[in-house]
Each structure stands twice: as structure tokens, then as C-alpha cells.
Amino acid sequence: MYIGLKFMINTSTEDTQKEYYCLEIDRENTMKSFMNFDSIVSELKNPSEFNKASVVVNEENKKEAEAFLLNHNYYAFSIYKKTLPVRDNQIFDFRDCVEVYEFDSFLRNSLQKFTGYIENLVKASIINSLCSNYSGELQKAQCYLDPFIYKNEEIAEDTIRHFGRRAFISNQALTIKHHIDNRNGHIPLWVILPELTFGETTHFIESLKDEYREMWISDLFLKNSYYNGVKGLDQHIKNVAHSWITASWALRNRCAHYSRVYGLNFNIGNPRFYTVTLRELKDTNKKKSDNRDLFAFMLAIKNVLICHDNSIQLEWNAFIDSIKEKLDNSEIVLPYKMGFPEGYIKYLKIDL
């Protein structure tokens with residue numbers, strides 16, 4: 001049985017394989033030269049091959065641009081030039097490019113917060129569901145150590161071993177240390193699972209037998225008045241709900257690494273549409289394959305937040321209103337760059 005301190009060992013041994021790229025020196029000097037401020041100004045002015053946009057740094061904003069580029073990596077910033085709108089006059093002020101950058105930062109910071117709410121919700125809900133529904137031989141607190149809750153023996157061994165590694169890595173966290181020092185290393189699910197990353201948590205849920213995973217989806221989604229009010233869609237929700245969680249994880253991961261979300265087509269964690277919403281979107285020409293834009297990911301977040309606290313839902317609706325206000329007052333950041341259809345507000349806001 002996988003309990004006790006004897007399984008809490010350092011797994012960083014020579015048999016642990018790690019893959020990495022062997023980085024070599026460019027002896028042929030093919031790399032681009034480092035660009036100073038004057039070089040960057042010249043590069044920004046060159047029309048983009050993607051949208052023909054030319055970004056000009058004028059004398060009046062030269063100091064602002066120099067200060068900005070001193071604190072922001074040009075390589076990361078330059079991508080926003082490609083997201084500028086196509087119009088008759090493709091010459092843009094430096095401030096226009098910064099406006100896109102700042103709007104993207106606003107989206108990213110806000111979405112990181114909401115996907116954080118979802119991470120906490122997922123962790124709390126799987127703990128409650130698994131402990132409530134588990135009826136095996138172990139104590140409910142250690143149900144995650146029972147191989148019979150997993151899809152197969154190999155997955156069980158890998159998952160339980162991963163919990164052990166996570167306990168070792170987090171052995172100085174107060175709650176983990178307490179159970180190591182005072183409980184002989186017997187750590188309850190509700191103590192160890194919060195130490196997992198969001199990705200590790202979704203992987204744990206995917207490792208469970210269908211019956212446990214579906215009970216969790218039922219507890220979280222199907223008992224919610226919004227979802228149980230629509231007849232005949234229980235199986236559909238069981239089929240698509242996990243994709244909403246995965247999309248939230250993928251977006252949170254991108255936001256946490258300060259990566260761009262505006263004007264991007266995502267290729268990881270793409271969610272499936274809730275069929276009720278997809279029917280409502282019919283007049284906007286949205287199809288179920290249109291699940292790579294930010295709109296699809298934000299719909300997935302909304303679908304999960306419907307199961308969260310009312311205060312969180314109010315916060316989400318205020319965020320959607322803020323997006324609309326910024327878009328209404330800008331000619332530079334545009335709804336279609338995020339896949340937002342006409343009337344996007346009614347699809348993204350939660351009915352309260």
C-alpha cells in the first residue's frame with residue numbers, strides 16, 4: 001500500500017531521464033545583430049510584411065519610446081506591430097503600438113486572475129467530489145493512494161509516484177511539513193492536492209476512472225441550476241466540460257508566462273463549445289471549429305465561472321464591460337482580432 005514515509009523519497013536520481021537541446025555557438029555568425037534604440041526606431045518604421053504597418057517614433061515621443069523600450073524587451077514588443085489594424089493609412093504612431101500592448105496586458109492580467117479562481121474551484125471541487133463518493137478500503141483522506149480509482153495499474157503507479165514527488169518538493173510547506181513531522185507522512189488529499197500545479201491537477205483528474213471523473217463533473221456542473229435546467233444535455237456536458245477546464249489551464253499558463261493573448265490563435269487546450277451557446281451563435285456564422293480564438297477560450301472560462309460564487313460572477317461581468325468600454329473608445333484594438341462576434345457582450349456575460 002502506498003502510504004507512509006517510506007515512499008516519500010528523493011526521486012532525483014541518475015535513472016531520471018531529462019531531455020534538452022544541446023545549445024551550440026554560432027560559428028558562422030548567422031544571428032541577427034543586437035539592436036540599439038536607433039536601430040529599433042528604424043526597424044519599427046519599416047513596413048511589416050504581414051500588414052504593411054509602419055510605426056513612427058516622432059521627436060515628441062522619442063523620450064517616452066526610449067524609456068519604454070529600456071524596460072520592455074523589443075523582441076517581445078515587436079509582435080504587436082503585426083496586430084495593428086489594416087486601414088488606408090498604415091503609418092502608426094509609436095503610442096498606437098503601445099496601446100495594443102497595454103490592452104493585451106489588461107487582458108492577460110485579468111484572465112490570469114479569473115483562471116486562478118478556476119484553479120481553486122477545480123481543486124476544491126475534485127477534493128469534495130472524490131472524498132464524498134469514494135467507498136474503497138482506504139480512509140477518504142487517502143483515497144488518492146488507492147490504485148483502484150485510476151484507469152489502470154500503470155497510470156495509478158505513475159500518479160501516486162507523482163504525488164510522492166510533489167510532497168518531497170513541497171516538504172517545507174507548513175501543511176506538508178506538519179504531516180511529515182506529526183502524522184508519520186500520512187498526507188490527506190485536501191493537503192497534498194493544493195500543492196499541485198493547475199496542469200498537474202487536470203492530469204490527475206484525467207487519470208481517474210470515468211465513473212469518478214463523471215461524478216465530479218456531475219457535482220460541479222450538473223447540480224448547478226444553469227446546467228440542470230436544460231434537459232437532455234447531461235452527456236454533452238460530461239463530454240465537453242473537461243475541455244473548458246483544460247482551456248482555462250492553458251490560458252492561465254500563457255498568462256503566467258506573460259505571453260500575448262490579443263490577436264492570437266491558440267493551439268493548445270482548445271475548448272469545445274457548449275451546444276446551447278453554439279446555437280445562439282448561429283447568426284454570427286460561428287462554427288464549432290472556431291475554437292482557437294480568445295473568444296472561444298473566454299466562453300470556456302464563463303462556462304466554468306457559472307459554477308462559482310456570485311461575487312466572482314459579478315467581477316467577471318465587470319471585466320467584460322471594461323473590455324467593451326476600451327474597444328468602444330479605440331480605433332486600434334478591434335473585437336475581430338479576438339474572434340469577438342457582433343453582440344459579443346450577451347455571449348460573454350453571465351446572467352445573474
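None of the figures in this text is laboratory data; all of them are computed from the coordinates on show. What you see is a predicted model, and the numbers here were worked out from it, not measured in a lab. We place every Cβ from the backbone using ideal geometry, glycine too, and count neighbours over all the protein chains shown.
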The long-range amide H neighbours of TYR150, using H built 1.01 Å from N in the peptide plane and a cut-off of under 5 Å, are LYS209
Tell me, what ³J(HN,Hα) does each residue in region 170-181 have, in order and in whole Hz, if you take phi through Karplus 6.51 cos²θ - 1.76 cosθ + 1.60 with θ = phi - 60° and put x for Gly and Pro? 9, 5, 9, 5, 4, 5, 5, 4, 4, 6, 6, 6
What is the gain in length, in nm to one decimal, between HIS72 and SER33 on full extension, counting 0.36 nm per residue of separation less the C-alpha to C-alpha distance? 12.2 nm
For Cα Rg over 2.2 N^0.38 Å, with candidates (i) 1.19; (ii) 1.69; (iii) 0.91, the value calculated from the shown model is option (i)
With an 8 Å cut-off on Cα pairs and a minimum separation of 6 or more residues, tell me the relative contact order of the chain in percent. 18
Spin-label point model (7 Å from Cα, Cβ direction): what's the HIS236 to GLU211 distance in nm? 2.8
Have a look at TRP316, ILE268, ASN133 and report the one farthest towards the positive end of the charge dipole of the chain, computed about the Cα centre with Cβ charges (Lys/Arg +1, Asp/Glu -1). ASN133
Subtract the Cα-Cα distance of ARG183 and ARG165 from 0.36 nm times their separation in residues, and report this length gain in nm to one decimal. 4.7 nm
Does anything in region 89-116 have its amide N under 20 Å from the 7 Å Cα→Cβ label point of GLU59, and if so which residues? 92-95
Of the candidates GLU19, GLU64, GLU119, which one comes out as most mobile in a Gaussian network treatment of the chain with C-alpha springs shorter than 10 Å? GLU19
Could you state the number of Å between the C-alpha centres of region 185-231 and region 295-352? 26
The extension gain from LYS282 to ASP93, computed as 0.36 nm times the residue separation minus the Cα-Cα distance, is 64.2 nm
Pairing the Cα long axis of helix 310-328 with the longest principal axis of the chain, what angle in degrees results, from 0 to 90 and rounded to the nearest 10? 20
Compute the long axis of helix 198-207 from its Cα atoms, compare it with the longest principal axis of the Cα atoms of the chain, and write down the angle in degrees, 0 to 90, nearest 10. 50
Summing -39500 (n - 2.57) over every DSSP H run of at least 4 in the chain, dividing by its residue total and rounding to the nearest 500, the 222 nm mean residue ellipticity is -16000 deg cm²/dmol
For each pair in LYS302/LYS346; LYS62/LYS82; LYS286/LYS346; LYS238/LYS302; LYS81/LYS113, compute the distance between the two Cα atoms and list the pairs where it is over 19 Å. LYS62/LYS82; LYS81/LYS113
